[in-house]
Each structure stands twice: as C-alpha cells, then as structure tokens.
Amino acid sequence: MSREPLSVSDLLLCLESSELQELERVRTAINQQLNTDRGGAVLSSLVERYLDSSSSQVLLLLSSIREPHHKVLLEKLNEALTRPGNRVAAITLLGHLVRKQPPWVHHVSQAPVLPTLLRCLKTDGDVVVLVSAVLVLVALLPMIPQAGKQHIYDFFDVFGRLASWSYRNPGQVSAAYLVHLHAGVYSLFHRLYGMFPCNFVSYLRLHYGMKENLDTFQEVVKPMLEHVRIHPELVTGTQDYELDPSRWRCCEVHDIIMECCRLSLDPLEDACCPAPLPHLDLSPAPQDWQPISSSGSSVGKLTLSSSHIQANDVTWSPSSQCGLATPPPEPASPGPAPSLSRCTSISGVKCPSPDSVPVTTPSEGSHQPAGVLQVRSGVSVKEQLEDGRYLSSQVKQQPIRAQDETSLSQVISSDLSSPDIRPPSSSSQLLLRTSTASCDDSSTDPAPSHIDPAPYLPGPAPPYEPLFELALPHAAMLFIRRKTQDALESAAGQQQQVEEERSSMSPLKVLEQMIVHGSDAHERLSRRSSAGSRLDRSHLGGPAPQGEELQRSQLLLVHSQLQYERFKRQQHAIRNRRLLRRVINATALEEQTVAMKAQLGVQDQEIRSLRSSLSEEQRRLNQLQQDGRTQTDRLLEQNQQLLLQQQRHQQDNQQLQSDLEDCHGRLRELEAELQGANRKAKHAEQQLTQLGLKLCSSEQQQQQVFLLDQQLVLLRETNRALSQQLDEAAAPSWTEEAMLRRSAGNDFQRLKDCDVLQKQKLEAASHRIAELESQLARKDKLILELKKLLEETKSHSRAELSASESRCVALRRVSQTLQTEMLHLYSQVHLDTHTGSDTCTHSPALDAGSRNSPSTQDGYKPRPSSSSAVGIINGAVEALSSSSPLSASPIDSPLAVGSFLEQQARRLFGPNSQSQEEEEEEEVPAGSPPLGQEVEEATLLTGSPQLEPPPAPAADLELSIRQRRDELSIMDYNESLPEF
Amino acid sequence: MADDPQRNFRSAYYEKVGFRGVEEKKSLEILLKDNPLDLEKLSTFSQRFPLPSMYRIHVWKVLLGILPPHSDSHSLVGGYRKEQYQDVVEALEVMRYINSSTPSTHIYLRMFQLESQVLPRCSETLPPNDENEDFLAISRAMEEIVDDSIDCYWLIKCFINQFHIKFGDSLPHLPKSLEHYLSQEEPRLLNHLRSIGALPQLPYSLWFKRCFAGCLPESSLQRVWDKVISGSCKILVFVALEILLSYKIILMGHTRPEGVVKFLCNIPQENTDAIVTKAIDLWQKYCGNPNHAV
C-alpha cells in the first residue's frame, strides 16, 4: 500500500503523455489499480489530480468508475465541493459524471453530494459556480426524480434564490454572467415546472405572494411563465402524488425531459415538440423575430425574413452555431406550412396576437439597419425558394445534415467574408446563417452609426449590455423606449404599439445571441489585433479589458452551457431512436396487416366457391330426397295390397280350421258310441257265464239237501232214544256237590282276606326297610364327614405337632449345645484343678493339648485357668477378655480333656452307664438322687458362684475339686453318651 | 388342579395380549381363602404365574412348611416358630456365640448350625467354609426380601433344607443341562466358551448352589426363587442360560476364562428383570407345561 500512491501518481503523470500506446497502457494500469483498490486511495488521487489539472484523461477514467467505487468518488466530490477553491472543478466533474449517466447515478440522491450541491447553490456567490451547478442540477433532476420527496423545497429555494440573485445582482457581476445565470434559471424553471407542477406553482404562489419578492416575480419569473403551457397535472394531480416515487417508476430520463419540453412554449427549450402542437411550436417564431423585422423599416419583407428565420430556427442548435460536427438534431415538426401561412397572415395584420408579439428588441437589432433587410429583400425570393426546399426536406423527415453544413458553411463564410465590418448583430448572424448572400450584403450595411449607444456605454462588457436588457425585458423595454425614442419616431405608430405589447424574449435566445455576438466580436477583435491596432480592441467590446480571468470564466460558462445542451441533445437522440424503432415496428405491423388482408381476400374467395358448391350439393340432395319419397309411396301402396291379401288368407284359414274342429268332434262322438257297444257286449257275456255257474251250484245243493234230510231223520231217531235213557237216571247226586262247592267258596274267601293282610304287612316292612336304609346312608355320610374332619384335624394337629416337635427338637438341640458348652466349661474347670494338683500325671496330655503354650506350664497354668473358670462361672463378660483373648490357650485342650474325662468316666461308672442311657437330658439333674451333695454343690456352683472363688486353701480346694470332678465325670458320662 | 386357574377362561388370553398378572392376584386370593390350603394348587400357581409381592412371603411360608395348611393354626404355629427362634437365639447368646453386635446373617448361620447339630465349638470357630458362604449369601438376599427377622430365619432355613432335600440329587446334572440348552440356543457361544476353556470354570456354585443370591438384585431374584420354592430347579439353568445369551457379545469378546468368570460373577444389575422374564419364557418353552417340570 505504501508503494501504490507513488506509482499512481507516477501513472497519473504519465497520463499526460502524448504517445497513444503509452497512454493506453497507463490507462489500463490505472483501471487495474482501481479495480483492486479497496480504500479508495487510487480513486481519491485521481480525483485530486482532476481537481488540480482538469485533465480530460483523468475525467475519462473517472467517468468509467464502477458500482462499488462510486461511494468513494461521491464522498470525494462532496469533500471537494465543500472547499471553495475546488468547487468549480468539482462541479464540472460532477456535471461530466452526471451527463455520462453511469448506472449508479441514482445513488446520488442518497449521497451527501446532493445536499452539498444544493447548499452551494443557496450560499455561493460566484456566478460560474452557480451556473454550472444549476445546469448540473437541471441535468440531474430527471435522473433522480425520487429525490424530489426530500429535497423539493431545496430545489425551490435554489430557484428562488437564483431568480432573485439574477435580478438583484448582489455580487455586482458583469451582465454576461447574468445572461448565463438567467439561462440556467430558465432551464431550472422549466425542469421544476415540468416535474413538480403543483408543488412548484404553490411554491411560486407562496414565495412571490410576499411583497419583497414581487419585483423579482415581475422581472424574472413572470416572463418565464409566459413560456409555458398550463401543466395538466395542475388540474388532475396533487402535491403528494407528484412526490410519489412510483410516479416515475416507468419513466426514463429522456421521457421526463420530453415531458418538461412538451410544456414549454419556447422553441429553444422544446426543440422537438411532437406533431400535434404545430401552432404552439410555431407561434414563438414570430415572437422572436418580429422585433427584428419590426426594427427594420420595410414590414413586408420583414415578415418574409421572419418566417424564413423561424423555419431555420427550428433546426438550430448551439453546436451547429459553434460549428461542432454533431449528429443532426431532432427534425423540425412537420408543420412549417401552417406556420408559414400564419406568418403571412401576421405579415398582413402586423400584430397577430398580443402574446405572440415579441418584446425583445435588441438594442443593436432595433438599430439594425433596415438596409440589411432591404438588401435582403432582393434575395428574399431565393430565400423563399430555400425555405420551400427545407420544408420539403423536413416533411420527408430527412436528416438535416445538409442544412447544418450549409449553416456551418455560412458561419465560416461569414467569418471569412465579414472581417472588417462593424460589430455583428444577432440578426445579421442569423441572416448569415440563412443566406450567404446577406453576408455579402452586410458589408454595405450602414449600421455602425446605430450601434453606438449600446456597445460603447459601459466599459466592462459593452456588447452584452443590450443582451442583459433583453434578459430582463421590463427594464429592457424602458431602456429601449428611452433609447430608441428618437430612432423610432419615424417608424409607424402601429409598430410602437407592437413594441409596447411584445412579450418577453426567451433567455436562451438571449444567451445564444450573446454567444454569437461574442464570437463575432472575438473574430473582429482577432482581425483587428492582426491588423495591429490595440486601441480599437477596447472600443470593439472584446474581453481584453477584463483580462484573461474573465474570459476564462466566461469560457467555462459557455462550456457548461454547451455541455448541458449536448446532454439534452443526447437525450433527444435516445428518444429518437426509440421513436424510430416504434415507427419501424408500426410499418412492420402495417405490412403484416396488408398481408393479412390479402390472405383474407383469398379466403373470402375460397369461402365463396365453397358456398356455391354447397348450394349445388343441396340441390342434389333435394332431388335425391324427392326420388326417395316417390319410391317410398309406391312401396307403401304395394304393402297395403299385400296386407289386404294376407287378411283374406287369414279369414279362409280360420274357416277351414273351424271345419276341422267340427270333424274332430264328430269323430270323438262316434268313438264313444263304439266303446259303449263294446261294453254292453262284454257285460252280456259275463252274465252268461255267471248263470252257467249258478246252475251248477243249484244242482249240487239239491243233492246236499237230500243228504241232510236223511241225516236229520237219523238224528231225530237217536235223540229220541237218548232222551228216554236220561229221564231214567239223573235225580240223587245234586246236594253233595252243592255243599262241596260252598265250602270251597268259603275257603277261597278266607284265603283272599289272608292274602290282603299279608300284602299290607309286606308293604309296611318294605317301607321300613327303605327308611332304615336312608338312615344308614346318612350315617355313613356322617361317618365319612367325621372321618374327613378327623383327618383334617389330624393333619391340623400334626402340623401343629410337627411345629412343636420341631421346637422341641430345637430346644433339645439347644440344651444339648448348652450342655456341651457346659461340659466344656466344666472340663476346663476340672482341667485347671487337675493340673493344679497333679500336673505330673497329666502332663503328657496337657503337653499334647496345649502345644501352643508349652513354656509356662508349671508356674503359670493354674492361676490364669482358674481365673478364667471363675470368670465363666460368674457369667461375666470381662472374664473372657481378662483371662485370655478368646480363650486362645484352651482351644485345643478340651478335646484332650474330653477324652481323658471319658476314660475316667468309663473307668469309674461303667455299670451305671447302661441304666442311665435312656434318661432324658431334662431328667439328668433329677435322675441322680444319690449324688445329692454333688447336686447341691453344682447348684451352689451355678447359683452362687460368688462363694466359689474364695476356696484358696489347698485341702478344701482339693476336696471340692475332687467332688466336682466326680460330678463332672458323671455329667460328662451322661453327656458323652449321645456322642458314642 | 389344572382346572382351577382356568376357572376364568380369559386368563389365558390376558397373558397372550400382554396383561400379565391381571387375574393372578384374584385367583391367588381365592386360593388363599381355602381353609386347608391346597399346597399343590399353590405350587402350580406359583409355577405358572408370577406371585404378587404382597402375598409372596405368605405363599413361601406355606409352601416351605413354615405355616401349616390350616389357617386356624397359623397363629399357634407362628407362636411356636417365634418361641423356637427366641430360644435358640437366647441359647446362642448365653453361649457367647453371638452378641448384640453380631450381624444378623451370622446369627442365622449359628442358629442353623445349632439346629442341624453342626455348630462348632465356640473355641474352634473356623473360617466359614463354602457351605457356610452359600448360606450367608442366601441369607443376605433373604434379609433384603423379608423384613421380619423371625420370618427371615425360618425362610432361610426351610429354603435351604427344602432345596437340599428336593434338588440335592439333581444339582450335579445342572451344568450338563445348561450346556445342552446353550448348544440349542447359541452354539457359537458354547463353542467359544469351550474353546477358551471357560466352560468348566463358569460360576456354577454361584448359580446353582446359592440360587443366584448375590448375583441378581433381590427384585429379580425373588421371581426366580418363586419357581425354585414351588418346586423347579430347572429355572436356575435357564436364568444362567439367559445371562449367557444376554451378554453374548461381551462374552465373545473375552478370550481368557478368568475374564469370563470375573464378568459373570459381577454382571451389571441394570436389566436383570428383563433377563429373568426372558429366562422364565425360555423355561416355559423348553419344559412345556410347568406342572411337570422339576
């Protein structure tokens, strides 16, 4: 970074080199640095460079700045604007950038540059600054229409300040500056009025309603108002709506500019008004040029010239005036013809309308020698011819470069051809532009005498004085009235009236005239200076007396104006291109329409032919339908006939069928008859055979009857014989039989009764049996239940018993253990005494038992063991701890002692052992009555242990110990029994 | 006996749809209302269904014979039991085997030894052998399950007695049986264990002699013991099998038998409930009708 500024400054120095390749290289280098630049150092050095040197190369570089760098650039510009020394250069740079319309131009509205610019416009006193700033502002406004929201009153304040400034001229600057300023204010006025009509008009009303501003209004603003139409927004729009940014959303810059131009009545302001407004376009022309013509003496020719000039003027531009080769300006509206006619009418009436009568009467123009015009009258026919040509060319919408060239050539020729003539006048210049001939004639112009009043009066800028008057028409009018009173006395009264009524002249026009004057003056000056007379220069109103400074600043002003005009022209060119595109589109559409129409015709024809064929087809169809109908009729008829025939056939058929049925019926009857006859025949046959059978049987019966008669007779005979026999023997046996029978009957009766009785008894018995059986069953059940209950109770009690048994067992175990323990303890006690009395005898056992403590058997043993025994007997816990920890020493001994005790017990109580085997443990104390003393001692031992320890004397001790040992041995014996 | 749990035909379906223990509590209550309690029915129930915890101790006591089937004599027998306990404790106290600072499990051990006549002499207290260690482990677990010390002692005593009487013969066969089921369920794990030589070193005594006391947390353990008390020692095999299956991945990771044994002796206590549930499922799957499973 530290190296870069150096290299940048070097590069910037190189930028001025004249070699093209080198220049290109440097430029790319700087561009690269710009792209990599982060802090904006390169950019700021570039800006500084431009502010110092106004280098065009730097300007070129700066105008190609891209988006992220614009902030730095704008900040830098803002910084420069705040420094008064750099202000002009900064504004120029800003103007260049704005006119270039970079993509980031809309950021200007948010950048601090804009307020700073506005502040400059409000506070600065330098005309150059003001003019260039106001032109920048005017160019900038359509690009940032949304900025109106915040800054609208700043714009209006600027306008108000500049208007009053240009009128009151507090800085006492030269009139030439004021002309520029006026033109700038005029442009601003148009812009503001075009963009924010409601706000602007309300501002004007407010601001110029005040008394102190009234004169400014009269002098400056009112003439401007005369150059605009009424804005339609004034009728439909509101102040708020105007400031709405969405209003501009679909507008481009040139659209806004066009919108502003459309409202202008000044042909210089709106050089490109569309066709629908030809009258408005053209009406200014007489305004502008009437005075010139009126200043002339011959009115008739003046009209001609004025119309001519107006026609030319439509295509005028400052660039063409200054001889710059630029693309052609917008072609003039295609309505010169009406203007011409109007002009002629004007020429007839002399004052077409109070508005259209121009006020401006340039002092020089007013004294413009009539001769010029008169001379020009000679050329007028030719001019008219030229006009016609121009008109035709305009109607064809041809580019008017040729015309420009001619005007250029005219300028050149005028430069060449009028070197030593008196100071140039605007009218003469214009005439020069229109015709070369007039230039030639101007040499004979006697004007110089008239020029005197204006150019020679004020020292500083004599040629511009009258123009200033023009810019301020009211003052100018007074001035003119005063100045030209004498000169115009000869003129007609109506012309005076015209002068009275003329309106203000466009400030642009004034500026233009001033420039023309300036250039003329400069040319002449240069001529003069070349001729060598220095004094003349001052007389001729050249800029020399003011010095280079003034000249330069004027040049700056002209330059900025020129830039502004160029900007306008570019915008117009853009618009033209759009329009051309639209025209091309329209023609294409037209061609398309024509083609479609042709297609339509073809299709029409087709339709027609199709229709004819359709009708033909319809006819044929009709014919076919008729044929079909006739055929159908015929067929129907045939059908009916056939139907009739069918009916007839059916009737015949029915008749035949009924006949057939009759025949069938008859046949059936006959068959029935036949069957009846057959039956009768069969019946008769049967009867015949039956009769034959009956005959046979009757014959047999007759034979039988005969036989039976014979038998009957025989039987009757036997019967008679037998009955005779019977009567002889029957009477005596009857009574015995009856008695027997009765006794049998009685017996039978008796037996029967007996039987009944027996049966009843049986029933009762069986009943009883059943009863008993049920009782038995009940008993059985009861028994079962009882058994179950018993079982249950058994199990119940068995469970309980088992529980108590287990308890018993446990208790037994407990007591066993307790006894074991006791035995163990006794054995210990016994051991103690034993070892005390006869250590020698049992020493081996002891040795075997107490291996752990072999060293101190003799002396030590008795005491600790006895004390331990005592302790245990006492049941005190401390004994355990005091005697030996956990009785470690006698651990092994009990076994040995036990075995020893067992041996002793076996030896002593051998026979007794068997008898006491069965005894229970509980019975042990009770079951040894012979050992009462020992028991006592034992109880004494356990019950009152306190008494025991004292027996220290050896004899008593020995005795008691022996007794105890005996007892113990018995106990031990008893105890040890289960262990066998 | 098999009809009674089916008294409500829905009970089978409850279990199928996952509602375990819906009907069990009610049917158990009905079972417990019988006056002479039917021990077979109770053991069948305990085999088939998980016991509700509020009746667990009571059922165990009945099944282990601590309480008689007749509910009338419960209080009487209970009194006997209590007195017996107190007698033994007092005797032990008198004999200085125990004092007030002796841990309860050691009291139980001494009591048990006393009752089974293997109480060593006070002077020859040896370091506890394996059998004693098993007893201590079981008693520690039982102490966690049962609050009352008398009940606890009786339960421990009867549990161990019954276990030895009933299953003393089948205990040596259990490792073989485990091997068999493991070969059916996960032969790869069996091969792995066999290959690293861990198979004979598995903690069989922890599993089968102590019935997982000290291995599983009590909440899971009591479900296993339900089955053991109600007459099945096969469940131990399946719990062991399920432990192996659950930690299969970890076990496959070990290559030394010591690591396997060490891990199995200290298995994580988190999801033992799930292990036991799966083990019971497996047990019911392999042994079919749990009525006949021993």
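Laid out as a table, the results:
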| read-out | value |
| --- | --- |
| A:Leu708/A:Leu688 FRET efficiency (R0 25 Å; Cβ-Cβ; nearest 0.05) | 0.20 |
| Spacing of the two label points (7 Å from each Cα toward its C-beta) at A:Leu206 and A:Val809, in nm | 12.4 |
| Separation between Cα centres of region B:210-253 and region A:146-213, rounded to whole Å | 107 |
| Net dipole in debye of region B:169-288 [+1 Lys, Arg Cβ; -1 Asp, Glu Cβ; about Cα centre; nearest 20] | 240 |
| Pairwise FRET efficiency - A:Ser64 versus A:Arg25, Cβ, R0 = 22 Å, nearest 0.05 | 0.85 |
| Anisotropy class of chain B from Cα gyration tensor, a/c 1.5 cut | oblate |
| Region B:22-164, relative contact order in percent, only Cα pairs under 8 angstrom and at least six apart counted | 22 |
| Rel. contact order, % - alpha carbon contacts under 8 angstrom, at least six apart, chain B | 18 |
| Test item: B:91-101 mean partner chain Cβ contacts at 10 Å | 3 |
| Residues of region B:22-164: accessible area per residue with a 1.4 Å probe, Å² | 44 |
| At least 10 Å² of accessible area lost relative to the chain alone, listed for region B:75-90 with a 1.4 Å probe | B:Leu76, B:Val77, B:Tyr80, B:Arg81, B:Glu83, B:Gln84, B:Asp87, B:Val88 |
| Between A and B, accessible area buried - total, square angstrom, nearest 100, 1.4 angstrom probe | 2200 |
| B:Tyr97 - accessible surface, heavy atoms, 1.4 Å probe, Å² rounded to 10 | 30 |
| Solvent-accessible surface ranking, highest first, for A:Thr236, A:Thr817 at 1.4 angstrom | A:Thr236, A:Thr817 |
| Largest to smallest accessible area among A:Cys696, A:Cys261 [probe 1.4 Å] | A:Cys696, A:Cys261 |
| Heavy atoms of A:Arg262 accessible to a 1.4 Å probe, total area in Å² rounded to 10 | 80 |
| Shielding by partners, peptide A:179-187 (average Cβ within 10 angstrom, other chains) | 0 |
| Positive-pole candidate from A:Pro245, A:Pro223, A:Cys261, dipole of region A:201-261, charges at beta carbon | A:Pro223 |
| Listed residue (A:Ile769, A:Ala803, A:Leu722) projecting farthest to the positive dipole end of region A:694-827, Cβ model | A:Ala803 |
| Protection proxy ranking, peptides B:100-107, A:29-36, average beta carbon neighbours within 10 Å, highest first | A:29-36, B:100-107 |
| Within region A:653-760: Cβ-based charge dipole about Cα centre, in debye rounded to nearest 20 (Lys, Arg +1; Asp, Glu -1) | 360 |
| Ordering of A:221-228, A:742-749 by burial proxy (mean other Cβ atoms within 10 Å per residue, highest first) | A:221-228, A:742-749 |
| Shielding of A:801-813 by partner chains, average beta-carbon count, 10 Å | 6 |
| Distance between modelled label sites at A:Ile574 and A:Thr630, nm, 7 Å Cα→Cβ extension | 8.6 |
| Region B:50-116 versus region A:508-525: alpha-carbon centroid distance in Å | 140 |
| Distance (nanometres) between label positions extended 7 Å along Cα→Cβ at B:Lys25 and A:Leu600 | 9.8 |
| Region B:169-288 - percent of accessible surface contributed by carbon and sulfur, probe 1.4 Å | 53 |
| Pairwise FRET efficiency - B:Arg194 versus B:Gln284, Cβ, R0 = 22 Å, nearest 0.05 | 0.20 |
| Extension reserve of the A:Asn719-A:Asn653 stretch, reckoned as 0.36 nm per residue once the Cα distance is removed | 14.2 nm |
| Cα centre as origin, Lys/Arg/Asp/Glu Cβ charges: chain B dipole, Debye | 820 |
| Peptide ranges A:89-99, A:679-689 listed from the most packed, as the mean C-beta count within 10 angstrom indicates | A:89-99, A:679-689 |
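The values are calculated or read from the model by the stated rules, or taken from the named source; none is laboratory data. Given the structure is predicted, the values throughout are model-derived calculations rather than measurements. For neighbour counting, all protein chains shown are included, and Cβ atoms are generated from backbone atoms with ideal geometry for every residue, glycine included. In case anyone asks, the SASA skips ligands and DNA or RNA and just uses the protein heavy atoms, side chains included. Shrake-Rupley method; radii C 1.70, N 1.55, O 1.52, S 1.80 Å.
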